[in-house]
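The values are calculated or read from the model by the stated rules, or taken from the named source; none is laboratory data. This structure is a prediction, so every number in the text was calculated from the model and none was measured. Counting neighbours? That spans all protein chains shown, and the Cβs are built from the backbone with ideal geometry, glycine included.
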Amino acid sequence: MSKALKQMLASQLGADLDTSPGGLMVIDPGAMTVESNEAFRKDLREKAGGARMRVIHNRTARVAMTAREFDGDLDGLNAVLTGRSAVVYGGDGPIPIAKVVRDWSKKQKDMQVKGAVADGEVLLETEAQTLADMPDLEQLKGMLASAIIGAARGIAGSLHAVYGGLARVIQARIDGSGGATDESSDEASDEASDETSDAASDASPDASPDASSEEATPEEGAAE
């Protein structure tokens, strides 16, 4: 391959990588048939947000990645770009790509994850494979929404408990005040009844015989 052609391919890959700022994955796709190759690319488009795969020479890929500042770890990059390589990039980034690759590697036994670049950091094989276990953007959105809803429900429940408790305290105070008023009224009624009884006793005719007998005694003395 001529130097000019390599430079052109590196430039094309570099332009494509500009659309994949989150990172990429380097794999060995294995001995794919035409049908499986097309099916794999279709899954990348549909399940990884339009991701693409390009089989390319390691040197060309290295030139393109270095130009795009993916060379923070040259030793790691050199370790990744060996043997047969295909760069999978674009779409929703390396995490959804890693999930598609993981699912395909279960049926395409000779497919191999060689490494990845995520947020400018070169990841070797083992680290790159862990990307498939991480939540993607949609999952993170769902987790965040659930956390927000859960927090809102917790706050609402706490406020309800606070206001409910306050209402019970106020009602208890009202009920207590009512009970005290009734007791005071009963005491006042009892006192009023006692005073009425005393007044009635004072005005009772039982005292008149004594008065008559006392008044009659002088008269009897006078008659005598």
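Here are a few things to note about the model shown:
- Among the residues listed as A31, A86, the single one being touching a residue at least 60 places away in the same chain (Cβ under 8 Å), loosely packed, with under 15 Cβ neighbours inside 10 Å and either not polar (S, T, N, Q) or not assigned by TED's automatic domain parsing to the domain that holds E121 (or both): A31
- Of T60, T66, all but one fail to be under 21 Å from K6 (Cα atoms), without any contact (Cβ under 8 Å) to a residue 12 or more places away in the chain, in a helix (DSSP H, G or I) and out of contact with any Gly (no Cβ under 8 Å at 6 or more places or on another chain); the exception is T66.
Yes or no, residue by residue, for (1) at pLDDT 80 or above; (2) in a helix (DSSP H, G or I); (3) touching a His at 6+ places or on another chain (Cβ under 7 Å):
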residue: Q12; (1), (2), (3): yes, yes, no
residue: T19; (1), (2), (3): no, no, no
residue: M32; (1), (2), (3): yes, no, no
residue: F40; (1), (2), (3): yes, yes, no
residue: G49; (1), (2), (3): yes, no, no
residue: D71; (1), (2), (3): no, no, no
residue: G83; (1), (2), (3): yes, no, no
